[in-house]
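Values quoted throughout were computed directly from the atomic coordinates according to the rules given, and no laboratory measurement underlies them. Since the structure is predicted, the reported quantities are computational estimates derived from the model, not experimental observations. Note that each Cβ is placed from the backbone with ideal geometry, even for glycine, and that neighbours are counted across all protein chains shown.
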Amino acid sequence: MSTSHPVPDEGPIYDPTALELKWQRRWQERRTNEPDLQAATSPFYQLMMFPYPSAEGLHVGNVFAFAGADIHGRFQRLQGNSVFEPMGFDAFGIHSENYALKVGGHPMRLIPQNIGNFRRQLRRVGLMVDWKHELSTTDAKYYKWTQWIFLQLFKKGLAYKKKAAVNWCPNDKTVLANEQVENGLCERCGARVEQRFLEQWFFRITDYAERLLHNLEWIDWSESTKSAQRNWIGRSEGAEISFAIAGNDGPPLVVFTTRPDTIFGATYLVLAPEHPQVAAITTAGQSAEIEAYRVRTAKQDVVSRKMGESAKKTGAFTGSYATNPATGERIPIWVADYVLMEYGTGAIMAVPGHDERDFAFAQGYELPIIRVVAPDDSNANAPLAEAYTGDGRLVNSGMFEGVPATEAKSRVTEWMVGLSAAKPVVNFRLHDWTISRQRYWGPPIPIIYCDDCGAQPVPEDQLPVILPEIEDFRPDDTGISPLARHEEWYRVPCPKCGKLARRETDVSDTFLDSAWYFLRYPSSDFDSVPFDQTITRKWLPVNSYIGGNEHAVLHLLYSRFITMVLHDMGHLTFEEPYTRFRAHGLIIRDGAKMSKSKGNVVNPDEFIERWGADTFRTYLMFLGPFEEGGDFRDAGISGVRRFLDRLWKSAHDAHTDGEPDLAVMRKLQQTIRKVGEDTAKLSYNTAIAAMMEYMNVLRASERDAHRAEVEPLVQLVAPFAPHIAEELWELFGHEGGVFESRWPKYDPALVTVDEIELVVQVNGKVRGKVQAARDITQERAMSLARGDAGISRFITGEPKKIIFVPGRLLNIVV
RNA sequence: GCCCGAGUGGCGGAAUUGGUAGACGCGCUGCACUCAAAAUGCAGUGGCUUUCGGGCCAUGCGGGUUCGAGUCCCGCCUUGGGCACCA
């Protein structure tokens, strides 16, 4: 196959479309992308976040993410690993359901169409995906095990039911997610959103908060993602303090505070309107006002209730008083919607002097404001113009006068613990995970309600609970799931006593589907277990996971939680699912995120058709740092194509006469090292630049390359542009594909150059460069510098100081 | 408001982590090839200035540390993303 000399000028034309289809077909025939999961000796699990198969098809953002992950997977393969790179579809959920309603179709028929389209597009990108292990969360074979996972949590007491506030759109007759509410209006229809209380299933993720937080210290993840999780979990230390209610023998009011040191400044208490003790506390005279206030806040949607920053704080007085355990003073008890039932105890001690919200509220209702913390230099009794949240010493605080606030936190808590008025507690911002969805398109929650036996789990051997195909899956005004209207499905015998009972009609959240999919891929051909123990031990945890930071909290946190639970139940040997996670950046266009409303969406099909998948993949990676994303501009793609054209030509024109050029071979060694290092750390843009640079050397002055100069470059380019690499590898006469080969080794002796350009500065300014040996001494360098006319003219006096960085720089200070 | 991140030529972006700022690519200019154009190849390309040797200015703005700062420190400005009454 080696080319004879002289080379004919006209070689075959680089036709990416034909060539790419040829290799995609051949990979399929040869099962190139299907590692032997049982026998693999050096398994490497390269995971990418599976897509939601929308009707619009694959998005450039998807291609960017998948190509980036694929390049890493292919690189690992060239390092000699057996790489498993699976793909699947996250196809349940409200998006699919709403889309089906909109076009008047049924998700059971629409989803397969969308998946088919996605699969076709994904194949065209040339990913190293093992399609034998493809999965869809909507497949009963898959969601059988999603339901199984629900049952495991139920068994362990981690799944429970309680009433919770949800956003309800009266027009669409449905529960909305927080992100579907904009300024209190439904994102889709514009109707005013209400708050409703519905019975919902929850997972007790808060039981795992401490562990989820703690493991972040050691897992190898992008810092930005870890920090997002830390903030989301939101651990805060403080105390619960009990306030006795004056003239009321009932239980005391318990508040949570992170500032027990400010207790002497607590001039009133505030309860959330939904707080269970509100009714008991309210006096007869105030009950009408309190009731009116509660009705008013209940009408608000959940989101705008929490968005009150700019809005005026409102509230109502209960008529009752509590006793401040520190001062013994009577302080009024109020109800206000700025206190949330979900956080802490749903009640706070208000310290208006040192909390902005309390300050605003106290001003509005003319409640007393007392300063109890003062910076060292200020007057303790000067009136406050705004809440002081800074550091300082306690004032107006009885026996704690003058104690630094930071120190006072624990001292005041200890003192009150002694009075049985407080206990130290840790609180988390993280809430339990709402699993229920009052919708149709999801896996039914496997629970049966019996009048005698209560909520019973569906026995595991009766899974899956099949989602029935019903034509009328439109949600209605009742807030009850559409499945409840399907009588023959809804009525079932109780698994315990056999009496007629009713199925749970809620389906589960899509985040549950995706919380465990990585466990299923390697075991997708096992029907009797969710994941096979031997295979799982071999392939998991995932070696490399790449995905977007839009899933930094929910998906990644939920899948960590589910993994921990399964670990604790003995189903898994590890408790963290992803050894290494890297967040990729966002592809933008014209300075903005691509979106239909902005009209700046790029259709990947057109680009692949015009330029080829290899060029498109490589171009996307060349836009900018993979972990930061980049700006997509049509213009730049021609440069990448030109690079591949030149590679094509170089390979076809390569000769085998004589020896390769030493200078070129040196550059090649440096390139092998650079591309290897950069690709490993996902610095794809600089890896590509290094290959282009080498190409410029290779073809400088229209020289024809020696085959030994080109062949390794074909391997370097293979992760980025796998099709052309295969074709050229075959051209060079190799029997197996390029991905059967090993990443080229570089010769360390050739990487380092002996002759260097030593930079000479005078007073920190570059004044010249001298050719010198790499290991030149300072003395020798000085005399070279003095001998250089361009440099010596700046050396106006005796050197005061000489800085010499061996092999790099000489700086003469005069 | 809070938490992350980013500001470098006409443009996308490099810079061994304190040591030649602008790699690589796009665009632009010139030349070669061509009847011509496209494609391709070669050369040039931060700004100002120059007696053509060079000189000065330049990494969002203002200070500082250092022989030396895009990189470190202090104070601002702009911008992208995420979260949001979390007590």
Legend entry - Pairs beyond 28 Å (Cα-Cα), from A:Lys649/A:Lys745; A:Lys745/A:Lys769; A:Lys162/A:Lys496; A:Lys156/A:Lys496; A:Lys161/A:Lys538: A:Lys745/A:Lys769; A:Lys161/A:Lys538
Legend entry - Candidates per trypsin sites (Lys or Arg not before Pro) in segment A:441-538, loop by DSSP, up to 12 other Cβ within 10 Å: A:Lys499
Inset, instruction - For chain A, count all C-alpha to C-alpha pairs, find those more than 41 Å apart, and express that count as a whole percent of the total. - result: 51
Inset, instruction - Could you give the size of the charge dipole of chain A about its Cα centre, using +1 on the Cβ of each K and R and -1 on the Cβ of each D and E, expressed in debye and rounded to the nearest 20? - result: 500
Inset, instruction - Measure nothing but the geometry: give the 0 to 90° angle between the long axis through the Cα atoms of A:107-125 and the longest principal axis through the Cα atoms of chain A, rounded to 10°. - result: 30
Inset, instruction - Name the residue farthest towards the positive end of the dipole of segment A:593-750 from the options A:Gly624, A:Ala680, A:Tyr694, assuming +1 on Cβ of Lys and Arg, -1 on Cβ of Asp and Glu, about the Cα centre. - result: A:Gly624
Inset, instruction - Count the net charge of all other residues whose Cβ sits under 13 Å from the Cβ of A:Ala246, scoring Lys and Arg as +1 and Asp and Glu as -1. - result: -1
Inset, instruction - Give the angle, between 0 and 90 degrees and rounded to the nearest 10, that separates the Cα long axis of helix A:722-731 from the longest principal axis of the Cα atoms of chain A. - result: 20
Legend entry - 0 to 90° range, to nearest 10: angle between helix A:684-698 axis and chain A longest Cα axis: 10
Inset, instruction - Measure out, as a whole number of angstrom, how far apart the alpha-carbon centroids of segment A:536-573 and segment A:759-814 sit. - result: 57
Inset, instruction - Kindly identify segment A:753-813 as rounded, prolate or oblate by the Cα gyration tensor criterion: order the square roots of the eigenvalues as a ≥ b ≥ c, call it rounded if a/c is under 1.5, otherwise compare a/b with b/c, prolate if a/b is larger, else oblate. - result: prolate
Inset, instruction - Evaluate the Debye formula for segment A:593-750 with equal point scatterers sitting on the alpha carbons, no solvent, and hand back log10 of I(q)/I(0) at q = 0.10, 0.20 Å⁻¹, in q order, two decimals. - result: -0.38, -1.35
Inset, instruction - Take A:Cys497, A:Cys169 and order them by how many other Cβ atoms sit within 10 Å, fewest up front. - result: A:Cys497, A:Cys169
Inset, instruction - Taking amide H positions as placed in the peptide plane 1.01 Å from N, state which residues far from A:Leu176 in sequence (5 or more) or on other chains have amide H under 5 Å from it. - result: A:Asn167, A:Trp168, A:Cys169
Legend entry - Entries of A:Lys765/A:Lys801; A:Lys102/A:Lys593; A:Lys163/A:Lys299 with Cα pairs more than 19 Å apart: A:Lys102/A:Lys593
